[in-house]
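Report on the structure given below.
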Amino acid sequence: MTILFETRFSFFGQSGWKSSHAADPGLLFDDDRLEQRMTYFEQITLESLKGQTDPDFNHMVLSSTLMPKTWQTRLRELVIDTLGAKRARVMFRPEGKAGRFLKDAVVKTYGDDVITQVVLDDDDAVSADFVAALRGYAQIARRDPLNDAPYSFITFPRGYTLGIEAGRISWLAHRYVPYTNLGLALVGPASSSRNPYLTSHRKIGERHPSFMVSHRRPFYLRAVHGLNDSFAKQKGAFLTDEEIVGAFRYFPWMERHFPGLSDNSTLAAQ
């Protein structure tokens with residue numbers, strides 16, 4: 001079964017963003033902002049995908065035709081160079097609804113195939129074994145005899161909030177949010193009208209067939225920093241030093257950046 005990560009990168013249009021950048025192309029495509037966003041995308045999001053124990057997945061990235069051409073080129077080259085042309089696709093679309101563009105691209109690409117679509121924001125990460133774990137749960141979802149719908153959502157509520165201050169990882173905090181958008185997966189026919197970006201994730205448990213993977217281990221990282229385009233906040237307890245070391249089992253790339261463990265702990269653009 002195809003596992004497809006879907007990411008919006010500085011898309012100008014309707015995509016659920018809540019910051020002032022979303023409504024102002026001048027702010028959204030400011031060079032300094034794009035430089036930092038691309039650094040987070042490369043060193044957090046793409047790094048987590050590059051290190052998957054199961055490399056059999058695809059990645060679809062949606063951005064804006066309003067993005068300056070030099071940045072469009074940089075974004076496309078970054079994604080393709082990291083994951084390869086067979087696994088990755090970067091699309092640029094005019095102002096509109098992000099979920100619609102992604103749904104149309106999914107239908108055109110995969111037709112009636114059953115696939116698993118995964119939400120992945122451009123500054124967040126998934127655990128190194130996320131694809132492997134999700135593949136197993138997606139197969140279980142397809143065999144569920146109690147679900148008469150052709151699709152099912154899978155939610156991974158447990159992860160960490162990753163605090164970034166002055167371009168450096170500063171802290172980790174526990175996060176447990178049922179039906180969070182982080183790692184939210186939809187298993188079903190690609191031709192379905194369903195798309196995770198066209199669904200209110202807070203209402204999934206009430207309105208859609210779903211099940212929750214709530215093992216006592218993290219499945220994602222939610223980044224919090226000064227350029228967040230949504231209201232990301234730290235609410236859970238901070239990890240102890242021992243727990244931080246344990247977190248490297250699931251996010252091994254993070255050890256290189258964590259303060260006190262490496263001289264090269266910056267995530268700031270070079």
Counting only DSSP beta bridges fully inside the chain, the antiparallel percentage to nearest 5 is 45 percent
Highest mean first, what order results for 115-122, 172-179 on Cβ atoms within 10 Å? 115-122, 172-179
Rounded if a/c is under 1.5, else prolate if a/b is larger than b/c, else oblate: which is the stretch 41-130, with a ≥ b ≥ c the root eigenvalues of its Cα gyration tensor? oblate
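Could you work out the relative contact order of the chain, using alpha carbon pairs under 8 angstrom and six or more residues apart, expressed as a whole percent?
Values: 517 pairs, mean separation 65.3, N = 270.
That works out to 24 percent.
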Taking all protein chains together and a probe of 1.4 Å, list K86, K103, K108 from the most accessible to the least accessible. K86, K108, K103
When the solvent-accessible surface of protein heavy atoms is calculated with a 1.4 angstrom probe, in what order do V114, V187 fall, highest first? V114, V187
I'd like the accessible area for F101, computed on protein heavy atoms only with a 1.4 Å probe and all protein chains in place. Round to 10 Å², please. 50 Å²
At a 10 angstrom cut-off on C-beta neighbours, averaged per residue, how do the peptides 91-97, 33-39, 123-129, 216-222 rank from highest to lowest? 123-129, 216-222, 33-39, 91-97
Using the Karplus equation 6.51 cos²θ - 1.76 cosθ + 1.60 (θ = phi - 60°), what ³J(HN,Hα) coupling, rounded to whole Hz, does each residue of the stretch 217-224 give in order, writing x for Gly and Pro? 7, x, 10, 7, 10, 10, 7, 10
Within the chain: Cβ-based charge dipole about Cα centre, in debye rounded to nearest 20 (Lys, Arg +1; Asp, Glu -1): 760 debye
Rank these residues by their accessible area, most exposed first, probe 1.4 Å: L49, L66, L198. L66, L198, L49
Per 5 Å bin from zero, what fraction in whole % of the C-alpha pairs of the chain is there, up to the bin with the longest pair? 1, 6, 13, 18, 20, 18, 13, 8, 3, 1, 0
Given a 1.4 Å probe, how much area per residue of the chain is accessible, in Å²? 45 Å²
Within the accessible area of the chain (1.4 Å probe), percent carbon and sulfur: 48 percent
Enumerate the calculated ³J(HN,Hα) couplings along the stretch 205-212 in order (Karplus 6.51 cos²θ - 1.76 cosθ + 1.60, θ = phi - 60°), each rounded to whole Hz, writing x wherever the residue is Gly or Pro. x, 8, 10, 9, x, 6, 8, 10
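The values are calculated or read from the model by the stated rules, or taken from the named source; none is laboratory data. Predicted, not measured: the structure shown is a model, and the values here were computed from it. Quick reminder, even Gly has a Cβ in these numbers, built from the backbone with ideal geometry, and neighbours come from all protein chains shown. To get the accessible areas, we keep the full protein, side chains included, count just its heavy atoms, and leave off ligands, DNA and RNA. Shrake-Rupley method; radii C 1.70, N 1.55, O 1.52, S 1.80 Å.
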